[in-house]
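Since the structure comes first, as structure tokens, the remarks are kept for the end.
The values are calculated or read from the model by the stated rules, or taken from the named source; none is laboratory data. Not measured: the values here are computed from a predicted model. Using ideal geometry, Cβ is built from the backbone for each residue, glycine included, and neighbour counts are taken over all protein chains shown.
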Amino acid sequence: MSPAKSVPKNRTGMIATLSMAALSAATAVVYAVCYGNQERYMSWPAFILLLVGAAFGVALTFVRRYELGAACMAVTAFSALMLFIKIIYMYVVVVYVGIDLKTLDPRFVITSVFFILCFIASLVTVFLPQVVNKEGMRK
């Protein structure tokens with residue numbers, strides 16, 4: 001069987017899952033670039049979860065288990081977001097209490113946007129219709 005024939009006709013779920021894996025890896029890279037040298041605000045478990053989720057998503061996509069890949073990335077994106085919130089909490093408290101209200105660090109804004117986009121995209125990917133073989137198609 002040629003590789004072109006093994007790719008399903010309805011590829012929306014597969015493309016979304018692979019795009020989500022790329023976004024997850026990009027979020028991990030942005031987080032490491034922004035906070036990698038500051039142990040106070042860097043959660044290495046969150047970084048690793050994003051990369052593991054992306055790797056599992058790609059691997060499960062290539063073995064044609066699209067729904068599991070999307071679900072795996074949703075769980076890891078949510079867990080990484082919670083770890084990010086836990087570690088960045090003190091920065092948010094300092095900014096919103098008014099100690100340093102004049103300057104909102106652009107690294108915080110960029111990283112937060114990436115984490116939130118990653119989480120929302122993972123939820124959207126989970127609810128997209130995934131590819132189903134013709135013999136296994138639901139009615």
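Just give me the residues in the range 82-122 being of a type in the set (V, I, T) and either surrounded by 11 or more Cβ atoms within 10 Å (Cβ to Cβ) or at pLDDT 85 or above (or both), in sequence order.
Result: I85, I87, I88, V92, V94, V95, V109, I110, T111, V113, I116, I120.
What's the total number of residues in the range 32-89 that are among the polar types (S, T, N, Q) and closer than 19 Å to F119 by Cβ?
Summing the residues that are among the polar types (S, T, N, Q) and closer than 19 Å to F119 by Cβ in the range 32-89 gives 3.
Where residues in the range 54-81 are modelled with pLDDT of 90 or more and of a type in the set (F, W, Y), which of them is surrounded by the most Cβ atoms within 10 Å (Cβ to Cβ)?
For the range 54-81, the residue satisfying everything is F56.
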